[in-house]
Each structure stands twice: as C-alpha cells, then as structure tokens.
Amino acid sequence: MTHTPRLPLLAGLPLAVGAGLAIPVQGRINGALGARLHDGIAASVVSFSTGLVLMILISLLLPRGRAGLAKILPAVRSRAFPPVYVLAGGIGALFVFAQSFTVGLLGVALFTVATVTGQTVSGLLVDRLGIGPAGKKPVTGIRIIGCVLTIAAVAWAVSPRFAAPAAASAGASGGAAGGPGTLLLPLLLPVLAGFLMSFQQAMNGTATVHYGTPIAATLVNFVAGSVVLWTAWGIKVAVAGPGGPLPGEWWYYIGGPMGCVFIGVGALLVRSLGVLVTGLGMIAGQLLGSLGLDLLMPAPGTVVAPATILGTVLTLAAIILATLPWPRGAFRR
C-alpha cells in the first residue's frame, strides 16, 4: 500500500472548488447531447467512453499511471479493500445518466438542488461512518448548520431558474403546468445520484491509497461505468431501437474528459479533507461554474438575477463555516 501525502485544508479546498467548476459544463454538454440524440443513455455512453479512452491513454503513457495500473489486480485479489469498491464507477454512470436524462425535464436549477441535497446529506453520513480513507469524522452542530445553509443557499442561488421547468411543462401540455407529481420521479433520480456520490468519493479515495495514484482509481471507475452503460444501452436498443446519429461538433465529446477531472481530484482529496468537505468544495465550484456559464455563454432566455449572485456568495460562506477547524468538542452531537 502506498500512502499519498495529505494536503492541508488551504491547499485541498481550492482544488476541490476547481474540480467542481467542470461539473456544470459537463452537465450542459451531456444534457445537450442527450437532447440531440433523443437518448439519455446513449449520451451517457458517449461521455463515459470518451473518458475511458482518455484514462487508458494517461495510464499507459505516464510512469505514475503505469505504476498504478500494475497495482490494481494485486490490490483487488488481496482484498486490500472491499471488492465492491471497484464498482464505484457505476455510481458515476448513474450521475451522468441523471444529467443526460433529467436536465431537459427538470432544468438545471432543480437538478442542481436535488444533487446538492443528496450529496450534502450523505457526506455527513459517510464521514460519520468512516467509510473513506480519512476515517471517522464527528457530526457536529456547526457541520450540520453549514450543510443546511449550503442547501438553502444553493436553492436561493438557482431560484430564478425555477420557472423554466414549469414553463416548459406548460408549453408541452397546452398551457397548464404539470403538478408536483409530474416532477417527483425525475427529481428522485438526481437526489439518489447525489446521495451516492459521497460513497463513490469514499470508495475512490480508499482505492487511491492502495493504488498509489488517483489515475488508477479513475480508470477503474470509467471501466465499471462504461460496462454498466453499454449494457443498459444495448438493452434499450434491443427494446426501442437506437436514437439519433452522433453529432459532428467536437464539443459534444468533452464531457467525459471533464468527468476524469472531478473524479480524479475527488479521489485524491477525500483522504485529506474527508468526504463532506471535498463534496462541499465541489459544490462551491459547481455554483461558480454555473454562474460563469450564465455570464459568459448564457443559454437562451438566461438572466443572471441578484439572487443567483447573492446565493452563490452565501453558499461560499456556508461552506467556509462547515469546514473551519472549530475547537474539538464544540457543538458536538
């Protein structure tokens, strides 16, 4: 087992924020690809397959990648960690599928709030159970307050977009917006995907410790996720036929490489920061990236409202509150 050095909070948290910047860009690309193909599963397959090709190249070309590649099978055979951890990529496959399938139905706002809620709650749980390589971290009152404020701030930041799904539903139904039940099932998918993301980060972080590099853990993720998605797509084609043809524009194919960034960085950071803090840092990056997209490359009808900016600032404040090194025993539950 190779022990990767731990990063201090002031170094690790900006890395988590930087990795989170890729999430909204990936979400917009995968959502657009799913709409173009009329097939959310096919869009997920494309995203994961491009990411897998990139990780294979990195693993073969870089010395550290080759070293990690050589440690995968020995670590799994020796049961250095629970074998189910190699299936963590299936969670990533679920997240990408949720992006491709539900962003068009829910809009970016509801999708973001749903995934952030699931991820924040499970981050507390995973740290409390000590599933990740950072070990057990206590559930304190400050951490709970910070998590609740984060969810509320994210909801406030994206609240100007809440009208988009309702307007789309109204147009599709001839004027009447769909009721809450219409969005319930699509909403549960990103909540579940967000909830499982913390477990994925914990599994990847543990595997990284034994592989000696996040490159190997990221590669295993993309292998497992690709197998799941190709199987699902094969069943879908057999039942309903294929979707539309692949587009020619190059930018539809960079969602997978962006996934390599936040999976790899997350696997590296959870040992140092813990699952909750890593997840909160990525949430901050996700909001900042969404705000940047809306300012620099707005989608049709996008308006950056004051609530979006103020909610983003409040989210950053809530994350700082939850991650500060408060005195031991303060607000402990």
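The values are calculated or read from the model by the stated rules, or taken from the named source; none is laboratory data. If you're wondering where the values come from, they're calculated on a predicted model, not measured in any experiment. Cβ: placed from backbone, ideal geometry, glycine included. Neighbour counts: every protein chain shown. Just so you know, the surface numbers come from the protein's heavy atoms only, side chains and all, with ligands and any DNA or RNA stripped out. Shrake-Rupley method; radii C 1.70, N 1.55, O 1.52, S 1.80 Å.
Arg79 falls short on exactly one of the conditions (1) assigned to a helix (DSSP H, G or I); (2) open to solvent by 10 Å² or more (accessible area, probe 1.4 Å); (3) more than 18 Å from Gly256 (Cα to Cα), and that condition is (1). Leu246 falls short on exactly one of the conditions (1) touching a residue at least 40 places away in the same chain (Cβ under 8 Å); (2) under 23 Å from Leu196 (Cβ atoms), and that condition is (2).
Number of residues in the stretch 81-106 that are at pLDDT below 90 and among the small types (Gly, Ala, Ser) equals 5. Between Ala216, Ala193, the distinction of being more than 15 Å from Leu54 (Cβ to Cβ) and either touching a Cys at 6+ places or on another chain (Cβ under 8 Å) or not acidic (Asp, Glu) (or both) belongs to Ala193 only.
Look at (1) closer than 26 Å to Val45 by Cβ; (2) open to solvent by 20 Å² or more (accessible area, probe 1.4 Å) and you find that Val313 fails only one, number (1). Every residue in the stretch 287-311 that is at pLDDT 80 or above and touching a Phe, Trp or Tyr at 6+ places or on another chain (Cβ under 9 Å), please. Correct list: Ala307, Leu310, Gly311.
Just one of (1) modelled with pLDDT under 80; (2) more than 27 Å from Leu10 (Cβ to Cβ) fails for Thr323. It is (2).
Outside any helix (DSSP H, G or I) and of a type outside the set (Ser, Thr, Tyr) - does that describe any residue in the stretch 27-42? Checked the stretch 27-42: at least one residue is outside any helix (DSSP H, G or I) and of a type outside the set (Ser, Thr, Tyr).
Could you list, in sequence order, all residues of the stretch 232-284 that are part of a helix (DSSP H, G or I), among the β-branched types (Val, Ile, Thr) and within 21 Å of the chain's Cα centre (by Cα)?
The answer is Val261, Ile263, Val265, Val270, Val275, Val277, Thr278, Ile283.
Listed by first and then second residue, the pairs with beta-carbon distance under 7 Å, at least 6 apart or on different chains, first residue in the stretch 94-113 and open to solvent by 30 Å² or more (accessible area, probe 1.4 Å), second charged (D, E, K, R) and at pLDDT below 70, are Val108/Arg161. Checking each residue in the stretch 167-202 for being surrounded by 15 or more Cβ atoms within 10 Å (Cβ to Cβ) and at pLDDT below 55 picks out Ala168, Ser169, Ala177, Gly178. Give the number of residues within the stretch 273-295 that are closer than 20 Å to Gly135 by Cβ and either surrounded by fewer than 22 Cβ atoms within 10 Å (Cβ to Cβ) or among the β-branched types (Val, Ile, Thr) (or both). Counting residues in the stretch 273-295 that are closer than 20 Å to Gly135 by Cβ and either surrounded by fewer than 22 Cβ atoms within 10 Å (Cβ to Cβ) or among the β-branched types (Val, Ile, Thr) (or both) gives 3.
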